[in-house]
Each structure stands twice: as C-alpha cells, then as structure tokens.
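What follows is a single structure, written as structure tokens, with notes after it.
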Amino acid sequence: MSTIQAGEIIEVTVKEKQTSKWMVQASRWEFSINFSEAPEDLEVGDTLSVFLYMDRRGELAATTLLPTITKEKYGWAKVIKNIGKDGIMVDVGTSREVVVKGEDLPKLIELWPHPGDELYMSLRTDRNGDLFGRLVTEDKVMESFVEAPTSVFNENLKARAYRLLPVGSFFLSQPQGYRIFVHYTEQKAEPRLGEEVEIRIIGVKEDGSLNGSMMPRKQERLGDDAETIWRYLQEVGGKMPFTDKSSPDEIFEMFQLSKAAFKRALGKLMKDGKIMQQDGWTLMK
C-alpha cells in the first residue's frame with residue numbers, strides 16, 4: 001500500500017485501546033476510531049474495514065460506518081440541506097456528510113434538489129483531500145442502466161431525475177434502474193434534480209431504455225379538463241359564452257386547452273347531464 005486518501009475503504013488492524021478511542025493501523029498509517037463508531041466486542045489484534053475521510057482539522061480519519069457510495073460505486077444519496085451557492089449536503093451512509101458543489105447543479109435554483117430528494121452519484125476528492133459528490137454522467141448511465149422488458153409498456157413507475165435539459169428530463173427508476181426519457185411536451189412541469197415522480201411508460205426502445213410521460217392518461221386528462229370547465233361555470237354563475245363552436249384561440253386563452261380537449265370535456269359534462277348549450281352559451285343544468 002504505497003498511498004491512501006479520503007474516500008477509500010481499507011482493512012486495518014486494531015493496535016490499542018485508549019480512553020475514548022481505538023487506535024488502528026494499516027501499513028505505516030495510524031488512525032483513531034471513536035468508541036461510538038466501533039463494534040462493542042472489538043479487541044486488540046482484530047481486523048476490520050474502515051472508511052477514510054478528512055476531518056475538520058484537515059487530517060485523515062477513519063470510521064467503521066461504511067458509505068453506500070464510493071469512488072468506484074455509484075448509488076443514491078439523500079439530500080440533507082441546501083448550503084447556498086456552495087451547493088447542497090447529502091447523506092452517503094457514513095458519519096461524514098458530503099457536499100455536491102453548486103457548479104454541478106442546475107443553473108436555475110428552483111430546480112435544485114430539496115431535502116429528501118436523492119441524487120445518483122459517486123465520491124471524489126479535491127486537491128485538499130476533501131470529499132465531494134460527483135453526479136452520474138450520461139456515459140456512465142448508458143454503460144450501467146438496466147434494460148427494461150417490453151412488459152413495462154403503459155405501466156406507472158417511480159423514478160428520479162438525474163439530468164435536466166431544455167428538450168426534456170432523464171430519469172432512473174427505483175428500484176429497477178431503468179433509464180427513462182420524458183420529452184418536455186410530456187411534462188406538466190420540469191422536475192427538480194433528484195425529485196421522485198411517477199412516470200407512465202409510453203415507449204420501450206430497442207436498447208431497453210424507455211420513453212415516458214408525466215401527463216395523465218387520456219381518460220384521466222378528460223376528467224381533469226371537465227372539472228376545470230365545471231369549476232369555471234360555478235365561479236361565473238352557471239353560464240359562459242364558450243361552446244364547441246368557439247375559436248381555438250378563445251378556448252386556449254381562457255382554459256389553456258386545445259379545442260379538441262375542450263370539446264371532449266364538454267361532451268363528458270353533457271353526457272353526465274351537467275350542462276347544455278343554447279344560443280351560443282353553455283349553461284349549467
């Protein structure tokens with residue numbers, strides 16, 4: 001072992017017990033481990049695995065609380081807090097929190113992860129030996145994503161965004177690890193990085209990756225559109241100057257619906273016996 005650095009997991013041997021800590025050794029290096037982070041039955045001469053990190057004094061330290069993520073192993077890290085322009089802090093499963101730098105996060109602050117969101121990442125060390133989180137790259141995802149079976153078509157999957165682009169967002173499903181692309185036209189709103197959303201699968205590609213939609217199914221969307229029109233009628237006293245003869249521009253300006261969607265919603269309300277059309281008006285029954 002010629003050199004070691006923060007972010008590594010190594011084997012050490014217990015050298016001695018001191019007042020509040022154990023001293024352990026790996027080749028010519030020595031570290032201390034607090035009793036609170038060591039097995040209760042630990043004895044001198046035992047060997048164990050430890051994770052190395054840089055403490056607040058700038059010295060290399062060890063813990064037996066091994067992270068779920070390393071330099072070689074990608075995984076999900078839960079966001080703990082936003083620390084301003086410097087980035088966010090995440091929990092990687094050990095006693096040391098790790099920063100994901102602001103320069104690696106979306107330019108729009110509103111798309112930054114919130115506490116509880118999760119990022120797919122690995123660990124790195126800077127020039128000072130301090131640990132930081134490195135978000136997964138598209139190349140890495142393309143190497144490692146799980147190919148989805150055709151049977152997932154039209155299923156709803158839970159997934160988290162790992163890459164945000166103007167053309168759309170890329171997700172990894174949990175726990176399967178499927179790669180999903182959602183075009184911006186299939187998004188109600190752009191997700192935050194690391195946000196968990198529900199995605200309906202609308203396409204299975206030859207390479208096993210997926211296309212998805214965050215919009216409701218047609219029948220669900222129809223119900224939402226009909227509810228929007230019904231509420232509007234209630235707010236304006238039960239009568240509105242919009243019918244299936246209204247222009248597309250008028251309809252979109254008032255309801256943000258296409259004329260086709262508006263006509264389908266009116267048809268549902270009429271079928272349900274809630275409205276009627278008369279002399280260029282739509283009336284509540």
Can you work out which of the residues in segment 1-30 that are more than 14 Å from residue 43 (Cα to Cα) and touching a residue at least 40 places away in the same chain (Cβ under 8 Å) is surrounded by the most Cβ atoms within 10 Å (Cβ to Cβ)? 7
I need a count of the residues in segment 43-59 that are surrounded by 16 or more Cβ atoms within 10 Å (Cβ to Cβ) and more than 19 Å from residue 101 (Cα to Cα). 4
I'd like the full set of residues that are surrounded by fewer than 15 Cβ atoms within 10 Å (Cβ to Cβ), more than 15 Å from the chain's Cα centre (by Cα) and not small (Gly, Ala, Ser), limited to segment 148-174. 149, 150, 153, 154, 155, 156, 166, 167
Scanning segment 195-204 for residues that are of a type outside the set (Lys, Arg) and not in a loop (DSSP other than H, G, I, E, B), which turns out nearest to residue 148 (Cα to Cα)? 204
What are the residues in segment 74-95 that are assigned to a loop (DSSP other than H, G, I, E, B) and at pLDDT 90 or above, if any? 74, 83, 92
Let me spell it out: the conditions are (1) loosely packed, with under 12 Cβ neighbours inside 10 Å; (2) in contact (Cβ under 8 Å) with a residue 24 or more places away in the chain; (3) not aromatic (Phe, Trp, Tyr), and residue 92 meets all of them except one. Which number is the exception? (1)
On the basis of being touching a residue at least 60 places away in the same chain (Cβ under 8 Å) and either over 30 Å from residue 142 (Cβ atoms) or not assigned by TED's automatic domain parsing to the domain that holds residue 104 (or both), does residue 269 make the cut? no
Name the helices (runs of 4 or more DSSP H) wholly within segment 216-285 that hold at least 1 residues that are among the hydroxyl-bearing types (Ser, Thr, Tyr)? 218-235
Which condition number does residue 125 fail, the rest of (1) over 24 Å from residue 22 (Cα atoms); (2) in the same structural domain as residue 13 (by TED's automatic domain parsing) being met? (2)
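The values are calculated or read from the model by the stated rules, or taken from the named source; none is laboratory data. Computed from a prediction, not measured in an experiment: that's the story for all the values here. Quick reminder, even Gly has a Cβ in these numbers, built from the backbone with ideal geometry, and neighbours come from all protein chains shown.
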